[in-house]
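Readers should treat all values here as calculations from the given coordinates under stated rules, not as data from a laboratory. From a predicted model like this one, the values you see are computed outputs, not experimental measurements. As a convention, Cβ positions derive from the backbone with ideal geometry for all residues, glycine included, and neighbour counts pool all protein chains shown.
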Amino acid sequence: MSEPRRPMSDPEILDLFQDEPELLAVVDAISATLTARQRRLPRRLLLVAATAAAAVLVVSFAPWQFGGRSVQDRALAAIGDRRVVHLVATRREPARTVVDLRSGNERSGMLAVESWFDSQSGDLRGATRRDGELVADALVAEGAAVGGVDPLVAVFVRGYREALERGELEVVRRGRLGGEEVVWVRLTLPGARRDEIALDAETGLPRAFRLAVGSEAAGPAWRVQAIDSRPRTQSEFVPAELPVGPSGGDILSERAVTTSEANEFLDGHGRWPGSDVDGVPLKQVRAQELSRLFANGRRQDSRGVEFVYGDPRSDYLQIRQASAPEPAYGFTEGRLTLDFAPIPAPGQLSLTRLGPRARPLWLGQLSKDEVHMTIRSNRRDLVIDAARSLAALR
């Protein structure tokens with residue numbers, strides 16, 4: 001009687017496992033242990049059984065090794081032992097979108113943090129960009145509160161290498177991330193925080209991290225775009241100087257006006273969507289005296305106009321506008337949107353969901369013809385339709 005073909009000599013199986021030599025070897029070994037009776041089972045059934053058994057073995061043992069080295073050793077070697085840990089991490093902000101008013105296309109806001117941590121001095125610098133524009137840059141000394149740097153990023157860049165050195169690493173599973181094979185591990189970072197981290201199966205470098213609560217991952221995942229260790233360069237610990245704007249603003253007084261009076265109040269630059277928006281009627285127009293407040297106590301007076309549509313108990317729309325991005329109307333520091341993002345280019349709307357999902361409040365901010373507007377509504381579509389319908393106020 002001829003000996004049954006082994007997987008190593010089966011062309012179909014060789015083709016199936018051409019990119020998995022370790023798995024093929026396990027399948028072949030399992031096949032060699034089968035009894036004569038088991039070998040008489042249908043060939044396809046044998047293949048399924050052997051492959052399943054091999055997969056269990058590979059998943060059980062392979063994540064612990066990178067070419068004969070432990071996950072921990074490979075991850076430590078990958079990041080290196082030089083003084084400064086440098087990290088670039090990004091994540092999308094699903095609560096904030098930018099809408100192109102002409103095409104209707106939308107994209108999620110993108111948050112990026114570049115950080116440098118000096119493991120000897122404890123200094124941490126973090127530069128934050130939203131949609132590619134630098135919006136914050138801070139240097140945090142050792143032991144100081146993490147101001148100006150996302151706390152999840154700050155804890156990770158401060159504690160990742162130290163946690164690896166302590167050996168507090170738990171391998172969870174294999175997977176794929178962005179088309180690359182990764183090994184998901186859990187690591188205890190400073191403050192007893194547990195992070196779930198995706199390590200590149202080829203290099204051992206982290207590709208993503210997120211908070212882990214119990215047996216579940218929680219919160220958004222940060223994608224690691226770059227991480228390395230390097231000698232300290234003084235210039236990397238000097239934050240960029242950003243414009244200093246007003247620290248806040250107030251509405252000092254208001255009065256009801258007609259639309260023509262409102263336009264005059266704005267020096268002829270007023271914009272509005274008409275006497276109704278999607279059937280929600282205009283109820284009131286108010287001229288408002290505003291103030292800008294600065295950290296040194298200085299106050300600067302300004303003014304704006306508010307349009308109120310509908311009823312807060314049902315469909316409601318509020319449009320506030322001024323010739324500058326006013327803090328009283330939700331423009332942070334007089335140069336950014338409410339959520340610290342750059343004011344979008346003309347023709348685009350920054351749209352943010354506030355409040356609980358069950359009863360959200362939608363806030364849109366934009367600039368048009370040198371007028372800066374903040375639009376609020378309990379309906380997302382009303383914010384977008386109002387922004388699309390803006391025309392010169394007469």
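Taking segment 136-204, which trypsin sites (Lys or Arg not before Pro) meet the DSSP loop condition and have no more than 13 other C-beta atoms within 10 Å?
Nothing satisfies the criteria.
For the residues F331, F156, what sequence is obtained by ranking on other C-beta atoms within 10 Å, fewest first?
Neighbour counts put them in this order, fewest first: F331, F156.
Assuming R0 = 35 Å, can you tell me the calculated FRET efficiency for the pair R380 and A256, based on Cβ-Cβ distance, to the nearest 0.05?
The formula returns an efficiency of 0.80 here.
What nm value, rounded to one decimal, do you get for the distance between D81 and A141 when each label is placed 7 Å out toward the C-beta?
So the label points at D81 and A141 sit 3.0 nm apart.
Counting other Cβ atoms within 10 Å, keep those with at most 11, restrict to DSSP loop, and tell me which GluC sites (Glu not before Pro) in segment 210-279 are left.
E241
Between V308 and E370, take the C-beta separation as r, use R0 = 22 Å, and let me know the FRET efficiency to the nearest 0.05.
Computed FRET efficiency for V308 and E370: 0.40.
Separation between the R299 and E181 pseudo-spin-labels, each 7 Å from Cα along Cα→Cβ, expressed in nm?
The modelled label-to-label distance comes out at 6.7 nm.
Considering amide H positions built from the backbone, and no H for Pro or chain starts, which residues 5 or more places from L177, or on another chain, come under 5 Å of its amide H?
For L177, whose amide H was placed from the backbone, the distant partners under 5 Å are V182.
So between S103 and E241, what do we pick up on full extension, going 0.36 nm a residue minus the alpha carbon distance? Could the numbers behind the result be given before it?
Details: separation 138, 0.36 × 138 = 49.68 nm, distance 3.61 nm.
46.1 nm is the gain from fully extending S103 to E241.
In whole angstrom, note down how far apart the Cα centers of segment 237-284 and segment 287-310 are.
9 Å
Is there a quick way to get the dipole size of segment 72-237? I mean about its Cα centre, with the Cβ of Lys and Arg at +1 and of Asp and Glu at -1; what is the value in debye to the nearest 20?
In debye, rounded to 20, segment 72-237 gives about 240.
For D137, what charge total do you get from the other residues with a beta carbon under 15 Å from its beta carbon, if Lys and Arg give +1 and Asp and Glu give -1?
Every neighbour counted, the sum reads -3.
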